[in-house]
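Note sheet for the following structure.
The values are calculated or read from the model by the stated rules, or taken from the named source; none is laboratory data. Bear in mind that the values here come from a model prediction, so they are computed numbers and not experimental data. Here the Cβ positions follow ideal geometry from the backbone for every residue, glycine too, while neighbour counts run over all protein chains shown.
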Amino acid sequence: MRDAYAAWKRGLPAVVLVHEPFAVLARAQVQALGAVDPTILVYRQDAPALESDEQSAVKAQVVAEGIVDLLTRQ
């Protein structure tokens, strides 16, 4: 959170990645830091022990695409 906030303050793009159970806390923290329009990507919590390698790879690809989307929005 703090690293992303420091980047935002310098005008650098940054995305905060957060698992669903912590989304509310993450938003509260960046607001407490003073972020006006934080870029946060909330995704389902990983469970690699319960997933195949292929399932994990698909989830990682979805998250990576989400990051690119957030960073390239005008």
Could you list, in sequence order, all residues of the stretch 1-29 that are surrounded by 15 or more Cβ atoms within 10 Å (Cβ to Cβ), within 18 Å of Glu65 (Cβ to Cβ) and without any contact (Cβ under 8 Å) to a residue 40 or more places away in the chain?
Ala14, Val16, Val18
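Results for (1) touching a helix residue (DSSP H, G or I) at 6+ places or on another chain (Cβ under 8 Å); (2) at pLDDT 90 or above, shown as yes or no for each residue.
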{"residue": "Ala6", "(1), (2)": "no, yes"}
{"residue": "Asp37", "(1), (2)": "no, no"}
{"residue": "Arg44", "(1), (2)": "yes, no"}
{"residue": "Pro48", "(1), (2)": "yes, no"}
{"residue": "Glu51", "(1), (2)": "yes, no"}
{"residue": "Val58", "(1), (2)": "no, yes"}
{"residue": "Val62", "(1), (2)": "no, yes"}
{"residue": "Ile67", "(1), (2)": "no, yes"}
{"residue": "Arg73", "(1), (2)": "no, no"}
Count of residues meeting criterion [surrounded by 14 or more Cβ atoms within 10 Å (Cβ to Cβ), farther than 12 Å from Ala14 by Cα and not small (Gly, Ala, Ser)] in the stretch 30-71:
6
